[in-house]
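Here is the structure we will look at, set down as structure tokens.
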């Protein structure tokens, strides 16, 4: 019987999954998703291949579980920062800042576009995971439009446009005035894009 990691089977399962997720992250950063195998991931995680198959039948299912886990964690943290913030403009500033400042992407995609090396069904599930974050932004925009602080607009189109602008950012990694100025410029850009009055934060 394989050695149990942790004090229970549930803890063992969670720790094993965490090892596999970490190994996947490292290998994807080094080679890209299409260039790694389940055997590579198992070896990097220090997990037997048989044990790996007990958790995930293939590479795509492992990736989808990882993305769902990181996306869900990011959304929970994002919603926590928005608790008690009633003003839609402040909510949008908070959303932008959290998105720009996050240390780890909730949607890892080094190498080739993941959708190009996955099955159609898995690619659709990737899109569903991304919608968890989009739902937060959608709620902020709808509240702002209803409050009259954002311009009337097709929210379905605005959401991906805003997130695309955040995904292509160029913010200095080191803390300091230049980083802060860049973040404030992105906030102002997004606020102007949705028709909000832009004032100093």
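The values are calculated or read from the model by the stated rules, or taken from the named source; none is laboratory data. Small disclaimer: the values here were computed from a predicted structure and weren't measured. Every residue, glycine among them, receives a Cβ derived from its backbone with ideal geometry; neighbour counts consider all protein chains shown.
Candidates are the residues of the range 166-180 that are more than 22 Å from residue 133 (Cβ to Cβ) and surrounded by 12 or more Cβ atoms within 10 Å (Cβ to Cβ); the one that is modelled with the highest pLDDT is 180. Reported count of residues in the range 151-170, each being assigned to a helix (DSSP H, G or I) and in contact with a helix residue (DSSP H, G or I) (Cβ under 9 Å, 6 or more places away or on another chain), is 11. Give 175, 134, 152 a once-over and let me know the one that is free of Cβ contacts under 8 Å to residues at least 60 places away in the same chain and within 24 Å of residue 64 (Cα to Cα). Within the list 175, 134, 152, the selection yields 134. Only a single criterion out of (1) at pLDDT 85 or above; (2) outside the structural domain of residue 148 (by TED's automatic domain parsing); (3) surrounded by 12 or more Cβ atoms within 10 Å (Cβ to Cβ) is not satisfied by residue 39, namely (3).
Residues of the range 63-114 that are modelled with pLDDT of 85 or more and either on the phi > 0 side of the Ramachandran plot or not assigned by TED's automatic domain parsing to the domain that holds residue 131 (or both): 84 alone.
So that you can scan it fast, the table gives a plain yes or no per residue for (1) more than 17 Å from residue 122 (Cα to Cα); (2) in contact with a helix residue (DSSP H, G or I) (Cβ under 8 Å, 6 or more places away or on another chain); (3) surrounded by fewer than 18 Cβ atoms within 10 Å (Cβ to Cβ); (4) without any contact (Cβ under 8 Å) to a residue 40 or more places away in the chain:
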{"site": "18", "(1), (2), (3), (4)": "yes, no, yes, yes"}
{"site": "45", "(1), (2), (3), (4)": "yes, yes, no, yes"}
{"site": "48", "(1), (2), (3), (4)": "yes, yes, yes, no"}
{"site": "54", "(1), (2), (3), (4)": "yes, no, yes, yes"}
{"site": "60", "(1), (2), (3), (4)": "no, yes, no, no"}
{"site": "66", "(1), (2), (3), (4)": "no, yes, no, no"}
{"site": "69", "(1), (2), (3), (4)": "no, yes, yes, no"}
{"site": "72", "(1), (2), (3), (4)": "yes, yes, yes, no"}
